[in-house]
1. Of all residues being exposed (fewer than 13 other Cβ atoms within 10 Å of the Cβ) and of a type in the set (Lys, Arg) in the stretch 197-232, which is farthest from ligand 1 (Cβ to nearest atom)? Just the residue, please.
2. Taking Pro193 as the residue in question, decide whether it is over 30 Å from Phe118 (Cβ atoms), touching a Ser or Thr at 6+ places or on another chain (Cβ under 8 Å) and without any contact (Cβ under 8 Å) to a residue 40 or more places away in the chain.
3. Could you please let me know if Ala236 is more than 12 Å from ligand 1 (Cβ to nearest atom), in contact with a helix residue (DSSP H, G or I) (Cβ under 9 Å, 6 or more places away or on another chain) and modelled with pLDDT of 95 or more?
4. When the residues of the stretch 326-364 are filtered to those that are of a type in the set (A, V, I, L, M) and within 16 Å of ligand 1 (Cβ to nearest atom), which remaining residue is most open to solvent (accessible area, probe 1.4 Å)?
5. Checking the conditions here, which among Gly114, Gly86 is modelled with pLDDT under 95, small (Gly, Ala, Ser) and under 27 Å from Ser254 (Cβ atoms)?
6. What's the total number of residues in the stretch 239-255 that are away from ligand 1 (no atom under 16 Å from the Cβ) and either in contact (Cβ under 8 Å) with a residue 40 or more places away in the chain or polar (S, T, N, Q) (or both)?
7. Cys137 passes all but one of (1) in a helix (DSSP H, G or I); (2) more than 24 Å from Ile199 (Cβ to Cβ); which number fails?
8. How about the stretch 86-117: which of its residues are in contact with a helix residue (DSSP H, G or I) (Cβ under 6 Å, 6 or more places away or on another chain), within 22 Å of Leu197 (Cβ to Cβ) and hydroxyl-bearing (Ser, Thr, Tyr)?
Amino acid sequence: MARWISTSFMCFLLLTVALMLWYASGLLSRLSQPSLPAKPEKTHLLLLSSWRSGSSFLGQMFNQNPEVFYLKEPAWHLWNRLQQKGPERLQRPIRDLLRSIFLCDTSALKPYMGRSEFVSDLFSWIKSRALCSAPACSTFPSLGDLEESHCSQICSRTPFQKMEEVCRSYSHVVVKAVRILDLEAFYPLLEDPSLNLKIIHLVRDPRAVLSSREHTKGLEMDDMIITGAQKAKPNASMVMQEVCKAQVRIHNASLPLKDRYLLVRYEDLAKDPLSYAASLFEYASLSLSPRMVAWVHHNTHPGVHRNQGFLMYSKDAKVVSQYWREKLSFQKAKQVQEICRQAMNIFGYQFIGSEVEQKDMSLTLVSP
Ligand SMILES: *[C@@H]1O[C@H](CO)[C@@H](O)[C@H](O)[C@H]1NC(C)=O
Ligand SMILES: *[C@@H]1O[C@H](CO)[C@@H](O)[C@H](O)[C@H]1NC(C)=O
């Protein structure tokens, strides 16, 4: 009898302890997840820009965010493969390609790639933090950043196919593209129920773009494609004309998009990168972690050295955005102002009438 009582008491005691544990664990999990929805919706973000407008920096800003799967210029493959068609006729194929990529279907890339065996067969794969960390690259611990040289040693043999699984594990897919010249072709993506697409359009003072182009190699092929030049290399005027026209065309077509479109001027981003980053992240439903704050700070201020993270931009962003005023001849500045008059007006860049004005740094050439 006594034995039976003690056994049932033990059972009762165990049951009580189990119940208390169950209750406590429920309470704990509720406390640690304050009213989160069961499965957060994916966000797809397209960073639209032109060459030499600061889009690599903007892309890296998003790339650093641990919630982001980032690809830099995946449309490069298509653009190069189909270049004879001319830039206008590439817009729809680029749209369809980006739709697939946003949905983590990378098979759409394969027809445009010579080989797609490893992630390293993808153009600029090395700029993607997600492809340089776990689970894409499992030999490396998921914490900490991988320098590009290490990533290329360790992660280049990741099977191409693995990219889809990796992409699906992120809540945000961000793609940067400088080869989109016509936003109307992209309207279907904004109506697509399988996507939650937002667009950031980054523009820069055309005079600064021209100045930066003068010190950049490797743009000849793209310049020929956008101007439709057949044999001879197009001159800078022709290129700038196409660049500015495309930016105006994109902005013109953005009116119906309302809160799915955000215009960003590189000069504003450079002036106050941290608060700007915060507002861009908010727009993209991303959080700004302390690590992100440190990254933005380190990459926009002078005197910070390499080895502190991924792809450094250790220059003073504010100074860089005004470099052109020292480097570009007034003659060329005047010329590009004429060519890009409409873009300058729309995006709020002020015209200069003399070299004195150009060099006078107390003059702000960006309207508020
Ligand atoms: C650039 O090339 C176009 C077409 O060949 C020509 O009309 C224009 O005068 C050239 N501009 C300059 C600044 O050389
Ligand atoms: C953009 O819109 C303005 C004003 O409606 C128009 O004058 C201009 O031709 C358009 N430009 C382009 C490139 O679509």
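1. Here the residue is Lys217.
2. Numbers: over 30 Å from Phe118 (Cβ atoms): yes; touching a Ser or Thr at 6+ places or on another chain (Cβ under 8 Å): no; without any contact (Cβ under 8 Å) to a residue 40 or more places away in the chain: yes.
For Pro193, the condition - over 30 Å from Phe118 (Cβ atoms), touching a Ser or Thr at 6+ places or on another chain (Cβ under 8 Å) and without any contact (Cβ under 8 Å) to a residue 40 or more places away in the chain - is not met.
3. Numbers: more than 12 Å from ligand 1 (Cβ to nearest atom): no; in contact with a helix residue (DSSP H, G or I) (Cβ under 9 Å, 6 or more places away or on another chain): yes; modelled with pLDDT of 95 or more: yes.
The answer is no for Ala236.
4. Within the stretch 326-364, the first condition is being of a type in the set (A, V, I, L, M), and the residues that meet it are 328, 333, 336, 339, 343-344, 346, 352, 356, 361, 363.
Going one step further and asking which of them are within 16 Å of ligand 1 (Cβ to nearest atom), we end up with 328, 333, 336, 339.
Values: Leu328: 4, Ala333: 0, Val336: 4, Ile339: 59 Å².
Here the residue is Ile339.
5. Working: Gly114 fails: under 27 Å from Ser254 (Cβ atoms).
Every option except Gly86 fails the conditions.
6. Number of matching residues: 9.
7. (1)
8. Hits for the stretch 86-117 are Ser100, Thr106, Tyr112.
The values are calculated or read from the model by the stated rules, or taken from the named source; none is laboratory data. Worth saying up front: this structure is predicted, and the values here are computed from it rather than measured. Reconstructed Cβ throughout: ideal geometry from the backbone, glycine too, with neighbour counts over all protein chains shown. In case anyone asks, the SASA skips ligands and DNA or RNA and just uses the protein heavy atoms, side chains included. Shrake-Rupley method; radii C 1.70, N 1.55, O 1.52, S 1.80 Å.
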